[in-house]
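Handing you a structure now.
Values in this text are rule-based calculations from the coordinates and carry no lab data. Keep in mind the model is a prediction, meaning the values are calculated, not measured. Note that each Cβ is placed from the backbone with ideal geometry, even for glycine, and that neighbours are counted across all protein chains shown.
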Amino acid sequence: MKQLLHAFVTKKRERGRVCLLIVLAALAAGFWLGPDAAAPVEAPATGTLAGLHVALDPGHGGYDGGARGQESGLWEKELTLQIALAVEAELLARGAEVTLTRREDLCLAGGDGASRARKREDLLARRALAEAAGADVLMSIHLNEYRDRGESGPQVFYQRGGDAGRLLAGALQEALVAGLEPARVRQAMAGDYYVLQGKLPSVLVECGFLSNAREEALLMDAAYQRRIAQALADGLEQYAALSERLAQ
Ligand SMILES: [Zn+2]
């Protein structure tokens, strides 16, 4: 009995020690992994975008590479993720809450191979993820391409008939033009996009054309990616101010 009790106490003490180690490891992981890992519990309460929850969707991924850089051979899916991560950093710095639909090179649908059904399932999963996270807006990040390699300039699309999406797209388009000073100035435009047909105000941001050699080089540049991020954050500030005014 005494032995049993001793064993029990020792086990209990060991369990306590194991628990303490787990807690310390979790704290260390939170510390070392930086703002990404700590964001859900320690999102800054102040900043120009405090209170806004943004879902960022790096377009394409996995089997679906999207467009391809004519000069570099880089896939759209790689650049959309780089740009989305830059946007996330900028939004977190301004106090927003951010949810990314993917952080790796993957497609959100099950199965394998390329098919319309799988593409649709992937897009639906991105929308569902943004809605389940409780985001206020969804921004899907993409890069354009066109057979005429002279075409260039960022352009924001919204779902036809959606007022909040139109307001968001207009604010982001204006901010991209002001921040990037593109040679070709485009307007926000309505369209029919499956990823935008959810409950949230949603936009598809075409950051520029991969089919244009000059713009392709810019889009691959980390400093230009930061400028895109700053412009989109500026646009979100404008959108938040406009929606607040409209709600009054
Ligand atoms: Zn795309």
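If each residue of separation counts as 0.36 nm, what is the full-extension length gain between residue 132 and residue 116 once their alpha-carbon separation is subtracted?
Full-extension gain reported as 3.4 nm.
What does the convex hull of the Cα atoms of region 45-247 come to per residue, in Å³, rounded to a whole number?
115 Å³
Let me ask something else. Starting from the Cα of residue 104, step 7 Å along the direction of its Cβ; do the same at residue 146; then give the gap between the two resulting points in nm.
With each label point 7 Å from Cα toward Cβ, the separation is 3.7 nm.
Starting from 0.36 nm per residue, how many nanometres of slack lie between residue 70 and residue 214 once their C-alpha separation is accounted for?
Gain in length upon complete extension: 50.8 nm.
Hey, fewest Cβ within 10 Å first, where do 219, 143 land in order?
Listed from fewest to most nearby Cβ atoms, that is 219, 143.
Enumerate the amide H contacts of residue 137 below 5 Å, restricted to partners 5 or more residues apart or on another chain; note that Pro and chain-start residues carry no placed amide H.
53, 55
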